[in-house]
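Just so it is clear, none of the values below were taken in a lab; they were calculated from the coordinates. Just so it is clear, the structure is predicted and the values come from calculations on it, not from any experiment. Methodologically, a virtual Cβ is constructed for each residue, glycine included, from the backbone with ideal geometry; neighbour enumeration extends over all protein chains shown.
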């Protein structure tokens with residue numbers, strides 16, 4: 001190989017080496033730096049997101065912990081305490097019972113079904129307390145006569161005054177007895193009362209009080225200034241209603 005050719009080859013190799021050096025030091029470092037920078041920025045961003053999520057989760061957990069709601073057990077305890085306090089207050093209030101009226105009606109019919117109905121109604125009505133200022137309803141207190149309550153069919157009057165059988169026959173004698181007991185106390189104001197469609201033997205004409213759940217009712221308002229207790233009883237011969245004023249001692 002002559003000297004000229006050798007020099008040419010050396011120059012070509014040097015040129016190639018120079019190109020390689022140029023790309024290595026001027027191109028790749030920039031790309032590597034950008035890649036490294038991007039990677040670092042991404043890692044920092046992800047790290048911050050992770051820390052923020054962790055902080056948010058911790059804060060939420062603390063908030064949830066701080067927002068502890070009262071348990072059912074606490075509510076039940078409060079209810080028990082409330083009931084206990086209420087009973088204590090009731091014990092502190094002592095009443096002086098004073099009879100203010102009583103009235104009795106004679107039972108003429110000895111029909112066992114009618115006697116049965118009167119007993120059920122008296123037992124239901126007995127010891128009912130009418131708060132001062134409130135209105136009493138016979139039908140709402142006694143409820144509807146039904147066989148499930150033990151009521152039987154006995155004589156009643158329809159709208160035309162015709163006698164027929166119906167559940168709860170005999171209840172009107174109890175309500176009429178109560179009505180006459182009320183008449184003796186002016187502060188117990190009768191607000192609803194209906195006469196029967198025919199005469200009844202146990203009270204004078206115009207002194208009766210017919211009741212039929214959903215239509216006829218006997219109501220009175222307690223304006224006496226004290227609570228009133230109703231005592232109702234029957235001995236198969238008479239129905240007796242006694243009104244008692246509950247005065248604070």
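Packing around the peptides 174-181, 220-227, 155-162, taken as the average count of other Cβ atoms within 10 Å per residue, puts them in this order, highest first: 174-181, 220-227, 155-162.
Once the chain from residue 207 to residue 165 is taken as fully extended at 0.36 nm per residue, the excess over their C-alpha distance is 12.8 nm. On the principal axes of its alpha carbon atoms, segment 95-248 extends 46, 26, 26 Å, with the longest extent given first. Need the C-alpha centroid separation for segment 96-125 versus segment 133-178, integer Å. Taking the Cα centre of segment 133-178 as reference, the centre of segment 96-125 is 12 Å away.
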